[in-house]
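So the structure is just underneath, and the comments pick up after that.
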Amino acid sequence: MAIVFHEQTNIFHLFNKDVSYLIRIMENGQLENLYYGKALKDREDFSYLHEEQMRSQMSISSPEPSLLSMHYTRQEYPSYGTGDYRSPAFSVLQENGSRIVNYVYTSHSIFKGKKSLEPLPATYVENDDEAVTLEVTLHDQVTDTDLILSYTIYEDYPVITRNSRFLQKGPEKIVLERALSASVEFIDMDYELMHLSGAWSRERYVKTRKLETGIQGVQSLNGTCCGAEFNPFLALMRPHTTETQGEVYGFSFVYSGNFLAQAEVSTFELTRIMMGINPEGFSWELKQGESFQTPEVVMVYSDQGLNKMSQIYHRLYRTRLMRGKWRDQARPILLNNWEATYFDFDQDKILNIARKAREVGVELFVLDDGWFGARNDDYRGLGDWYVNLNKLPDGISGLSRKVEELGLKFGLWVELEMVNKDSDLYRAHPDWLIGVPDRFESHARHQHVLDFSRKEVVDYIHEMIARVIRESSISYIKWDMNRYMTEPYSRGADPAHQGTVMHKYILGVYDLYTRLINEFPDILFESCASGGARFDPGMLYFAPQTWTSDDTDANERTKIQYGTSMVYPIVSMGSHVSAVPNHQLHRNTSLATRANVAYFGTFGYELDLNLLEDREIEQVKEQIRFMKEYRELIQMDGDFYRLISPFEGNVTAWMVVSQDKKTAVAGYYQSLNRVNGSWIRLRLEGLCKDALYEVSFDTTPDVPVDPAVAATYGIKIDTQPHKSYQAYGSELMYAGIPINRDTLNKKSMDFSSLLFVIKQIEE
């Protein structure tokens, strides 16, 4: 790993054993991106990679005889209006009305380690030897403004992180109208663009399309970084790239507010990737001595397909983005009461559910929505963070300790950024809403968004919820955000600064998280994706897991969890076994298959265990025993492999393999049964090809079969349903595991699955 500056050629080379990134200082003082890709041997001169050619109607950016034109140059951080007619990375409005600037190189510094971006979330190092950072300072003489471009390359990962910072040094006031975090340009357009998109209950579906000339990309304008619609991630991949082969460039944005991720292909087939805060509605005034810091973009390069890119993101985000006590700990198995009770509960009902949870081996009970204020439905109570004593006469304090006396930890649901108009908070502070005076204030689920861009609002909410936590015994907090922001306007900001509201709002959210984490470092925080509107890297910095979707249907979750795994580690995905018929789709899925999907996440239950039959309770106990045995592998130690995509057919498959390759767990899922179908082989990945493994799986029907009925119809009942056989890693990876269709058909209700445990054995 190194960052080298070659003074003779004015070229920076960032490289490690896997990746290289080349930057050149051009003759006009601006920066050019010469190369980004597979590692190159370092040398003094890469300038031949710069190309110039006289073209009709081109604007020359340097005195003659130069042919330097910004429109045909791969720039590091491009601006509009000085010969480049493509989208810019930034825009600076000056007092004279001009937006024309010229940031030229003045200095640079190279140092070990990586600087913090706090209060913004970002990846980090624990030892300065883990990474090297380059900071390049550019200066615009007319406005007397510095632009600092920051690059960090990690030693052990093909990862380069990017951010930018503006510092106003002169007396003139400037306004940033656009300040993206990173821009990267590629010499051609022979790529496919991948992103993750969806809607409530079908989040982060994998979408891929071939690049075309023009602009294509994704964005968020709803006040959250992703919501359910678009995730702050995109990837470029060469045609015919698969999970295991081909070049991939991943771009992930560590932020939780409005974002833009864009690919622009010029008519000369240059591809410009840009990512950062969405410029729509954004403006940020800088006076002398003031600065603006952009969030971080994490760029990952893989020449071994999509799975390798994902594994890099997983490892980096789990170990160098997540923080605190829970970063390196497997997650407790929980039970959440929401789908068991919704708002209809009292203390006795909750304790009855908790007792059963303890009996089967659950470790954490989570009380969801409805415990506070007058909260008996969606219409009222949000913002009033004091306990409803009619439901819980002993308060959260008393209930939490009663649950702990049962042998469980206690967790609590909150939605701190929201308020109902039917609440004491709104009646006292109607001006604390996001919304425009004298105009209709749109609502969702009868709730509105509090103005977290105002410190006094954050202070108030912090004190209310901190008081509840201080008085109680709370080990876990699930933090929802169940609606988006419309009519963005702060009654606490003057007209000239309304463009700061959306970004300041997110800084307020980060501030509240920081305060609570600092005061209560032992609490496990879980953010919420959809419903809760956020599943992004910025959240993982504060909350090391996220409720992945409100869709608890196991079949649907194969798509949701598969897409989420493109970027996010398995341990970040909240995944529960819910009641059937499923509350979103009314599908009847067996208890075994529901668990087989939920294992590949944090794992828990969202149902009333008291309603299960004795046979099902024994199944739950066995599921919990299994998860406790293998959760370190699944959540912390293992590498995740996507084997078969649910977006390409009737089947999904994935697996986790331990670092030492001695243990693996694989899931195979079939959406619809097939009569008299063809043979199936499941080819595994990541094993040691010369090692001998034992493969074990359970063929027990998920629904009991009456022996008399079986005899009538000639159905064979297997008296030894637990199967195992031995095979070398090469056999399992290249020949594959035979999948018996009859077994799948017998296991099926509306959706069937098989779970395989693979363990290395001594010959």
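Only the coordinates and a few stated rules stand behind these numbers; no lab work does. These figures come from a predicted structure and were not determined experimentally. As a convention, Cβ positions derive from the backbone with ideal geometry for all residues, glycine included, and neighbour counts pool all protein chains shown.
One table, with the values for the structure above:
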item: Segment 388-428 residues near the modelled residue 441 label - backbone nitrogen below 17 Å, point 7 Å along Cα→Cβ; result: 416-428
item: Segment 127-178 - percent relative contact order, Cα under 8 Å, separation 6 or more; result: 32
item: Helix axis angle, 614-631 relative to the chain longest principal axis, alpha carbon, degrees; result: 40
item: Nearest-0.05 FRET efficiency for residue 347 and residue 44, computed from C-beta distance (R0 56 Å); result: 0.15
item: Taking segment 37-189 and dividing mean pair separation by its residue count, relative contact order in percent (alpha carbons under 8 Å, at least six apart); result: 20
item: Interchain or long-range residues, amide H under 5 Å from residue 37's placed H; result: 20
item: Cα extents of segment 511-630 along the three principal axes, largest first (Å); result: 47, 28, 24
item: Using a Förster distance of 35 Å, the FRET efficiency for residue 427-residue 126 (Cβ separation, nearest 0.05); result: 0.15
item: Cα→Cβ-extended label distance, 7 Å offset, between residue 722 and residue 290, nm; result: 6.8
item: Part-to-part distance (alpha-carbon centres) for segment 218-276 and segment 342-381, which is given in Å; result: 40
item: Residue-span extension gain [residue 210 to residue 104] - 0.36 nm each, minus C-alpha spacing; result: 34.7 nm
item: Estimated Rh, segment 2-320: Kirkwood, alpha-carbon pairs, angstrom; result: 20.0
item: Fully extended contour minus Cα-Cα distance, from residue 96 to residue 405, at 0.36 nm per residue; result: 104.3 nm
item: Residue-span extension gain [residue 622 to residue 116] - 0.36 nm each, minus C-alpha spacing; result: 177.7 nm
item: Within the chain, helix-based [θ] at 222 nm, where runs of 4 or more DSSP H residues each add -39,500 (n - 2.57), nearest 500; result: -5500 deg cm²/dmol
item: Cα long-axis angle, helix 347-360 against the chain (0 to 90 degrees, to the nearest 10); result: 80
item: Separation of the residue 51 and residue 459 label points, Cα + 7 Å toward Cβ, nm; result: 6.0
item: Placed amide H near residue 217: partners under 5 Å, 5+ positions off or other chain; result: 263
item: Neighbour-limited loop hits for chymotrypsin sites (Phe, Trp or Tyr not before Pro), segment 593-698 (at most 12 other Cβ within 10 Å; DSSP other than H, G, I, E, B); result: 679
item: Reachable lysines, given that their alpha-carbon falls under 19 Å from the alpha-carbon of residue 349 and they are not under 8 places away in the same chain; result: 391, 402, 409
item: Alpha carbon centroid spacing (whole Å) that separates segment 122-147 from segment 731-763; result: 51
item: Förster-model FRET efficiency, 45 Å R0, residue 9 and residue 172, C-beta, rounded to 0.05; result: 0.80
item: Dmax and Rg, reported as Rg then Dmax, of segment 601-732 (C-alpha, Å); result: 17.4, 49
item: Residue 155 versus residue 59: modelled label distance in nm, points set 7 Å from Cα along the beta carbon direction; result: 4.6
item: Taking the chain and dividing mean pair separation by its residue count, relative contact order in percent (alpha carbons under 8 Å, at least six apart); result: 10
item: From the C-alpha gyration tensor of the chain, square roots of 5λ in Å; result: 46, 35, 21
item: Segment 641-698 versus segment 610-627: alpha-carbon centroid distance in Å; result: 25
item: Nearest-ten-degree value, helix 305-320 long axis tilted from longest Cα axis of the chain; result: 90
